[in-house]
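Laboratory data are not the source of any read-out in this text; all were calculated from the coordinates shown. Predicted model only: the values in this text are computed from it and were never measured. As a convention, Cβ positions derive from the backbone with ideal geometry for all residues, glycine included, and neighbour counts pool all protein chains shown.
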Amino acid sequence: MRLSFLSEKKGLKGLTVRVVKSPVKDKLDTLYRLLGELKGESALVFCNLREAVERVSEYLTETGTDNEYFHGGMEQSERERALSRFRNGSATVFISTDLASRGLDIPEVKHVIHYHLPHNEEAYTHRNGRTARMDAEGNAFLIINEAETVPEYIAREPEEFFLPETAGKLLRSEWITLTINRGKRDKLSRKDIAGFLFQKGGLERDELGVIEVKESCSFAAVKRDKQAALLSRIRNEKIKNMKAQFN
């Protein structure tokens, strides 16, 4: 179902909005089954409370779902790592409060999931703005239990997205994030890290993904199946003549 009022006013021409009904008040199982239908594509899950963000993340982690969570109560270093893992594809599911609905450097997201209904139309619009950018296609799902209804500010009743009785298998990301406790303050660059991982770690170019260098640490996406061998090779090596911790 296309929302014409959003398409015209907000520029979300490629946005498709659907309702997913939860048979019980607790929506965790419904969310898990929905993610199983998204085939490992990137998803941004919005909750209204910090406690709910962490609870959803803990549940998904227990199911083996690659995810990160994000809210204003976290330390800066924790937020940076969470964002990095989502940007580089190590985590395909990102659970957040409305803090992630604007102002953050987050890549194009395929699916926005309203685990909790937004408080108002402005919040709804900003959340949905994380997908269907620049004429791309994107989906927004509203998970609604029996006690909830579609908010009045949604002009047309979205069509229902039906879930199978059993959850589909969630696809794990092929990437995993390597953390290095050296960064900009150590005059470390992305080029330094790439060269080190190629020469000392034995990685091929297609086995190394996005590299981000922060003030005091760095993150590099590497192929999951190369992680163990890589850590074994570089554990006692120096990077740019500096001792470092790799994990």
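Details
- Net +/- balance of residues flanking residue 205 in space, Cβ distance below 13 Å, scoring K and R +1, D and E -1: -1
- Calculation over all alpha carbon pairs of the range 160-222 in 5 angstrom steps from 0 returns a P(r) of 4, 16, 23, 17, 10, 6, 5, 7, 6, 5, 1 percent.
- Net charge of Cβ neighbours under 11 Å - reference residue 242; Lys, Arg +1; Asp, Glu -1: +2
- Choice from 112, 24, 45 showing the highest fluctuation, given a GNM over the chain with Cα pairs closer than 10 Å: 24
- Degrees, to the nearest 10: 50-62 long Cα axis against longest axis of the chain: 70 degrees
- For the chain, radius of gyration divided by Kirkwood radius, i.e. Rg to Rh on alpha-carbons: 1.02
- Intensity falloff of the range 121-163 expressed as log10 I(q)/I(0), Debye formula with alpha-carbon point scatterers, at q = 0.14 Å⁻¹: -0.40
- Seen against the Cα atoms of the chain and their longest principal axis, helix 190-199 is set at about 60 degrees.
- Fully extending the segment from residue 108 to residue 216 would add 36.2 nm, taking 0.36 nm per residue of separation and subtracting the current Cα-Cα distance.
- Calculated FRET efficiency for the pair residue 122/residue 76, C-beta based, R₀ 25 Å, to 0.05: 0.40
- Diffusion constant of the range 136-247 at 37 °C, which comes from Stokes-Einstein with the Kirkwood Cα-pair radius and 0.692 mPa s, µm²/s: 187 µm²/s
- Between the beta carbons of residue 25 and residue 245, assuming R0 = 45 Å, the FRET efficiency works out to 0.55 to the nearest 0.05.
- Between the range 69-100 and the range 168-210, the alpha-carbon center distance in angstrom: 18 Å
- Per-selection Rg to Rh, the range 65-177 - Cα, Kirkwood hydrodynamic radius: 0.97
- Projected label distance in nm at residue 54 and residue 159, using a 7 Å step from Cα toward the beta-carbon: 4.0 nm
- In the chain, the longest principal axis of the Cα atoms and the axis of helix 76-87 are about 80 degrees apart.
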